Ligand code: CMP
């Protein structure tokens, strides 16, 4: 995610982020609850439990927790670690700082969100088709 960042930008990210380790089976976010942090996966994998259908697995380099910070609504899904994980954690205040300091960050968020919407629509279509057969 930060591949294209300058040294100055990387230094400011290092200043505002903290690294957290969590064992497998930890719920990092719970659907319907508030939350004030954004997470980038450095190591390990997590599962995003969406209502109906298979959970979505996220890998190193991917992130979660942005929807609550961008939209203000409660967490949209429960996110549980599948393996021991190392996460880069950014608080709400610093999330705004990051968006100002690293303009590409907002672009990455937008691209990822549009992919997630498309994916969610495809899942909904598949579930609709499956229930029509049943
Ligand atoms: P947030 O709503 O803050 O907390 C739960 C997170 O799960 C959400 O932000 C996203 O980061 C992530 N999430 C929700 N829906 C999907 C999806 N369809 N694919 C991948 N991640 C998702």
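Hey, among 48, 102, 117, which residue is within 16 Å of the ligand (Cβ to nearest atom) and modelled with pLDDT under 95?
Answer to the check: 117.
Could you tell me which of the residues 32, 52 is more than 24 Å from residue 104 (Cα to Cα), in contact with a helix residue (DSSP H, G or I) (Cβ under 9 Å, 6 or more places away or on another chain) and surrounded by fewer than 17 Cβ atoms within 10 Å (Cβ to Cβ)?
After applying the criteria, what remains is 52.
So, residue 118, is that one more than 11 Å from the chain's Cα centre (by Cα) and loosely packed, with under 13 Cβ neighbours inside 10 Å or not?
Yes; evaluated as a whole, the condition is true for this residue.
Looking at region 5-20, can you tell me whether even one residue there is buried (at least 17 other Cβ atoms within 10 Å of the Cβ) and either closer than 27 Å to residue 121 by Cβ or free of Cβ contacts under 8 Å to residues at least 24 places away in the same chain (or both)?
no
Which members of region 75-95 meet the condition of being within 13 Å of the ligand (Cβ to nearest atom) and in contact with a helix residue (DSSP H, G or I) (Cβ under 7 Å, 6 or more places away or on another chain)?
Correct list: 75, 76, 90, 92, 95.
On the basis of being over 18 Å from residue 1 (Cα atoms), crowded, with 17+ Cβ neighbours inside 10 Å and touching a residue at least 40 places away in the same chain (Cβ under 8 Å), does residue 44 make the cut?
The answer is no for residue 44.
Please find, within region 55-74, the residue that is surrounded by the most Cβ atoms within 10 Å (Cβ to Cβ) out of those that are within 8 Å of the ligand (Cβ to nearest atom) and farther than 17 Å from residue 106 by Cα.
Here the answer is 58.
The values are calculated or read from the model by the stated rules, or taken from the named source; none is laboratory data. Here the structure is a predicted model, which means the values were calculated and not measured. Counting neighbours? That spans all protein chains shown, and the Cβs are built from the backbone with ideal geometry, glycine included.
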